[in-house]
């Protein structure tokens, strides 16, 4: 088991069948932190490396954290637990990435190695919802959000045009 948060060589780790485990403070992930209401707390990670039966070197595991976002419906804080599965096939370039089986996402490994915090940051950014909002509308109502009320008569985008056309035919 290795807990180094700095640069590591995933090829060597895969050949050895090694594992990385530990925590990364969210404040070490500036791109991810800029998407959060509060970039506080840790990201726990477990990554196992190996070589599968098809001779593909891989990193597999999960990232786990709870983040605070801004609900886009009521603009209040939204606590969102994230458990992100990671299944990466190691490749040297984009051409090799095209030949990976679908079960793997490609990880193009630079010559200088990979930084765990940067790898985790990329995966967490992809896991965030595009439009964060409370799953239960009652949370938003409690925070002052007034849902639009259904009108008795549904109107379409051309309702006003239809009214004008009916009036012009009467004339």
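Worth a mention:
- Boolean, residue 101 is loosely packed, with under 15 Cβ neighbours inside 10 Å, in contact (Cβ under 8 Å) with a residue 40 or more places away in the chain and assigned to a loop (DSSP other than H, G, I, E, B): yes
- Between 146, 160, 152, the distinction of being out of contact with any strand residue (DSSP E or B) (no Cβ under 8 Å at 6 or more places or on another chain), exposed (fewer than 13 other Cβ atoms within 10 Å of the Cβ), part of a helix (DSSP H, G or I) and at pLDDT below 90 belongs to 160 only.
- Scan segment 1-31 for residues that are in contact (Cβ under 8 Å) with a residue 12 or more places away in the chain, outside any loop (DSSP other than H, G, I, E, B) and over 21 Å from the mean Cα position of the chain (by Cα) and the total you get is 10.
- For first residues located in segment 55-82 and on the phi > 0 side of the Ramachandran plot, partners that are in a loop (DSSP other than H, G, I, E, B) and lie 6+ apart or on another chain with Cβ distances below 8 Å form the pairs 75/143.
- Some residue of segment 32-41 being under 22 Å from residue 108 (Cβ atoms) and either at pLDDT 95 or above or not in a strand (DSSP E or B) (or both): yes
- Out of 63, 90, 126, sole residue that is over 16 Å from residue 23 (Cα atoms) and in a strand (DSSP E or B): 90
- A single entry from 119, 124 fulfils the requirement of being over 30 Å from residue 139 (Cβ atoms), crowded, with 17+ Cβ neighbours inside 10 Å and within 14 Å of the chain's Cα centre (by Cα): 119.
- For residue 89, the stated conditions hold: it is within 21 Å of the chain's Cα centre (by Cα) and crowded, with 17+ Cβ neighbours inside 10 Å.
- Considering residues of segment 20-34 that are touching a strand residue (DSSP E or B) at 6+ places or on another chain (Cβ under 8 Å) and surrounded by fewer than 16 Cβ atoms within 10 Å (Cβ to Cβ) only, the residue farthest from residue 58 (Cα to Cα): 25
The values are calculated or read from the model by the stated rules, or taken from the named source; none is laboratory data. Nothing here was measured: the structure is a model prediction, and the numbers come from that model. Methodologically, a virtual Cβ is constructed for each residue, glycine included, from the backbone with ideal geometry; neighbour enumeration extends over all protein chains shown.
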